[in-house]
Amino acid sequence: MHWIDYIIVVASIAAAIGMGMYFARRQKDTSTYFAGGGKIPAWAVGISIFATLISSVTFLAYPGAAYADNWILLVQGLMVPIVLVALIGVIVPLFRKVIRLSTYEYFERRFGLFARLYSSLAFTLGHFSKAGTVFFLVSMALATFLNINIYTIVLVLGITIIILTLMGGMEAIVWMDVVQGALLIGGGIICILILMFGIEGGPSELFRIAAENNKIDFGPYDWSLSKLCFLVMVLNGVFYALQKYGTDQTIVQRYLAAKNDREAKKAAYIGVLMSVPIWALFMFIGTALFAYYHAEGAPLLPEGLKADEVFPYFIAHELPVGIRGLIIAALAAAAISSLDSDLNCISAIAVQDYYQRFRRHTDDQTQLRFGKWMVVVAGAGAIGVACLYIFWGGEGVLGALFSLYAIFSAGIVGIFMLGLFSRRANKQGLYIGIAAAVLFTAYAVLTSTKVDIHGTGVKETLLDLGDWNFSHHKYMLGVYSHLIVLVVGYAASFLFKTPLADKELTIYGYLEEKGASGKK
């Protein structure tokens, strides 16, 4: 690392803190702090959605996956616009009409308090595990690039994210996401150009090598659900799209930041349509890396280098001074843009789903103070989880703990779909569906997840039932749990006589309103 590179990285982190300080004076109520007062332009909200979806995991994992294999992981992302082009028009106005801040208020209005607490707790635990993964990956990379102790990286990055979120609220997050999104896109394009024109023969040679090795491909195209193939990724992608845009607080909270329904829908479309090309860009980086290091006269990679280490190695050894600093700053920016959203949204849930319920008569300023304290607590917790990840290497006790989180957050998309598409579904039936999904997920996770529990280096299945172990690919586990909630919850609802749900809480209210406006 050259001193110029260090300056660029430090400047990017300082800019995040400065953004938080700039917007601090506007954060005078919970509406502004958590939703930007509903006054942020659609294009900025859309870029913020995109930046939140494109994390450091994308930056590091996608090139590694494409280098080792092909573009099969992109299939999940390709399903997002296919599923959501029609549904965004329903989902966005629904949430803007029926909730104040928390996504999970909809779940309570549709199915009662338990559904709200179950889904909000699942979001919180899931995003703590995600924060640990993001922190772990980005800190490992940054520690290597900057030659700084990894725990120092976690602490500096964590404090930066806490300050940005604590002081600037959603406004600072959105506008910083705009800057970070530009860094991410710019960094990816620069890498592609260097890779394409850095080999003898240029782009044509790159595509020749990629074609010969089937690198730009989405297979295998088997009809199996037991291995990673096109079918598994299509099914997983459908539910991923619904989960992110219909049940994830980090996305739904962005809908509330826009000025009106039309602007919110525009922002959602921008977020969807920007994400897919950038996912493809980072997949192409992996393909280009393969061609770069397999072309005639190519530099040799160190023996034993793993696929997901090739891109960091390229950044460290092949990029010129200044460009290297820009790419590393983009990597840090990707982590910040993902984690600042998590802290703000976890705080929003703590305020509306829990604090307001137990302290009903507190004023807005008291709720704002509590929300800011929760940002600090959540940030400290995320730093702690990251340190545990580093200590255990993402394995061991922490891996087992996150497997338990997966069990008790089963079927969230199933709850959403049941509420959206069925007026007949009721809370009693849903609870039976959730119980069935939790039991199934417990069986699947415990019989398929292998972790190093004892720290001996030997991975063991948490519960070994031999031939009765869950044998399908791990990506199918979530698909099955959502479907179980949907099917069992709907069928069980017929066992209980309850009034039909209010139309405005389902898709039928939207269709009726649209039909009425069409007649006019």
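Could you pull out every one of the lysines with an alpha carbon less than 18 Å from that of K372, ignoring same-chain neighbours closer than 8 positions?
List returned: K28.
Between 0 and 90 degrees, rounded to the nearest ten: what's the tilt of helix 261-294 against the longest Cα principal axis of the chain?
That helix lies at roughly 30 degrees to the long axis.
With no solvent and one equal point scatterer per Cα, compute the Debye intensity ratio I(q)/I(0) for the range 326-378 at 0.30, 0.31 Å⁻¹ and report its log10, rounded to two decimals.
The Cα Debye sum returns log10 ratios of -1.08, -1.12.
Holding the Cα-Cα limit at 28 Å, pick out from K244/K306; K244/K266; K215/K474; K244/K497; K227/K450; K97/K427 the pairs that are longer than that. Display every interim value, and only then the final one.
Details: K244/K306 30 Å; K244/K266 17 Å; K215/K474 23 Å; K244/K497 32 Å; K227/K450 16 Å; K97/K427 21 Å.
Table pairs above 28 Å Cα-Cα are K244/K306; K244/K497.
Provide the FRET efficiency to the nearest 0.05 for the R369-E296 pair, computing r from the beta carbons and using R0 = 51 Å.
Calculated value: 0.20.
Taking chymotrypsin sites (Phe, Trp or Tyr not before Pro) that fall in a DSSP loop and have at most 16 other Cβ atoms within 10 Å as cut points, what is the longest piece of the chain between them?
1-217
Got a sec to turn the phi values of the range 312-324 into Karplus ³J(HN,Hα) couplings, 6.51 cos²θ - 1.76 cosθ + 1.60 with θ = phi - 60°, whole Hz, x for Gly and Pro?
Computed from phi, the couplings for the range 312-324 are x, 5, 4, 4, 6, 10, 10, 7, x, 4, x, 5, 4 Hz.
Can you compute the charge dipole magnitude of the range 224-283 about its Cα centre, using +1 on each Lys and Arg Cβ and -1 on each Asp and Glu Cβ, nothing else charged? Give it in debye, rounded to the nearest 20. Present the calculation step by step, with values, prior to reporting the outcome.
Values: 7 positive and 3 negative charges, 18 e Å.
About 80 debye.
Of all accessible surface on the range 206-364 at a 1.4 Å probe, what whole percent is carbon and sulfur?
Taking all protein chains in place, the range 206-364 shows 57 percent carbon and sulfur surface.
Return one whole number: the accessible area per residue of the chain in Å², for a 1.4 Å probe.
41
Counting only protein chains, not ligands or nucleic acids, how are T165, T152 ordered by accessible area (probe 1.4 Å), most first?
T152, T165
So, R0 is 35 Å and r is the distance between the beta-carbons of S226 and R424; what FRET efficiency does that work out to, to 0.05?
0.50
Given points 7 Å out from each Cα along the Cα-Cβ axis, report the R25 to F496 separation in nanometres with one decimal.
Distance between the two pseudo-spin positions: 5.3 nm.
Within the range 14-94, what whole-number % of the accessible surface is contributed by carbon and sulfur, with the 1.4 Å probe and all protein chains included in the calculation?
69
Please list the three semi-axes, largest first and in whole Å, of the ellipsoid equivalent to the chain, using sqrt of 5 times the eigenvalues of its alpha carbon gyration tensor. Write out the running numbers ahead of the final one.
Numbers: eigenvalues 267, 159, 109 Å².
Value: 37, 28, 23 Å, ordered largest first.
Just need the relative contact order of the chain here, percent rounded to a whole number, with Cα pairs under 8 Å and 6+ apart. Don't jump to the answer; show the numbers that get you there.
Details: 853 pairs, mean separation 143.0, N = 520.
It comes to 28 percent, rounded to a whole number.
The values are calculated or read from the model by the stated rules, or taken from the named source; none is laboratory data. Quick caveat: nothing in here was measured; it's all calculated off a predicted structure. Cβ coordinates were reconstructed from backbone atoms using ideal geometry, including for glycine residues, and neighbour counts include every protein chain displayed. Keep in mind that these areas ignore ligands, DNA and RNA; they rest on the heavy atoms of the full protein, side chains included. Shrake-Rupley method; radii C 1.70, N 1.55, O 1.52, S 1.80 Å.
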